[in-house]
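Below is one structure, written out as structure tokens; the observations come after it.
The values are calculated or read from the model by the stated rules, or taken from the named source; none is laboratory data. As the structure is a prediction and not an experimental result, all values here were calculated from the model. Counting neighbours? That spans all protein chains shown, and the Cβs are built from the backbone with ideal geometry, glycine included. Quick note on the areas: whole protein, heavy atoms, side chains included, nothing else; ligands and nucleic acids left out. Shrake-Rupley method; radii C 1.70, N 1.55, O 1.52, S 1.80 Å.
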Amino acid sequence: MGFQTEFNSVCKFKSEQELYELLEYGRGKMMKSGFRVFPTGQKVIAYTPDNRAIAIVKIAASIAEINFQGEEVTQVEMELVRKLNEEESRVQTALAHEMFFGAKG
């Protein structure tokens, strides 16, 4: 058991449904496996499951727990600040590939 620290500028969705709810309703949550620490109160860049920058979100809560199946999970609640425009998304996506996700090709 241990906590994994997330990068302060990255909030990557693994589920299209969780991302859709955030963009549609302005608030959302995502579940991550393992105990993780997200920067509550900070604004971060949200990424789609295919590693594309899509929005700026504010982390409202980060709750680490052991679920009913005995798995360590972290629930992250967030608020949509705004969607990125095409140019912002392109630049942030390129930077994230170089810094976090690994360059393609």
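Take the stretch 43-61 and flag every residue that is without any contact (Cβ under 8 Å) to a residue 40 or more places away in the chain, in a loop (DSSP other than H, G, I, E, B) and surrounded by 15 or more Cβ atoms within 10 Å (Cβ to Cβ).
Looking only at the stretch 43-61, we keep the residues that are without any contact (Cβ under 8 Å) to a residue 40 or more places away in the chain, and these are 43-44, 46, 48-50, 54-56, 58, 60-61.
Subset that is in a loop (DSSP other than H, G, I, E, B): 48-50.
If the condition is that a residue be without any contact (Cβ under 8 Å) to a residue 40 or more places away in the chain, in a loop (DSSP other than H, G, I, E, B) and surrounded by 15 or more Cβ atoms within 10 Å (Cβ to Cβ), then THR48 is the only one that fits.
State whether the residues of the stretch 51-68 include one that is modelled with pLDDT of 90 or more, within 17 Å of GLU18 (Cβ to Cβ) and of a type in the set (Asp, Glu).
No - not one qualifying residue is present in the stretch 51-68.
Restricting the search to the stretch 62-79, which residues are in contact with a strand residue (DSSP E or B) (Cβ under 6 Å, 6 or more places away or on another chain), open to solvent by 20 Å² or more (accessible area, probe 1.4 Å) and in contact (Cβ under 8 Å) with a residue 12 or more places away in the chain?
If the condition is that a residue be in contact with a strand residue (DSSP E or B) (Cβ under 6 Å, 6 or more places away or on another chain), open to solvent by 20 Å² or more (accessible area, probe 1.4 Å) and in contact (Cβ under 8 Å) with a residue 12 or more places away in the chain, then SER62, ILE63, ALA64, GLU72, GLN75, GLU77, GLU79 are the ones that fit.
So, in the stretch 80-105, of the ones that are in a strand (DSSP E or B) and basic (Lys, Arg), which residue ends up most open to solvent (accessible area, probe 1.4 Å)?
LYS83
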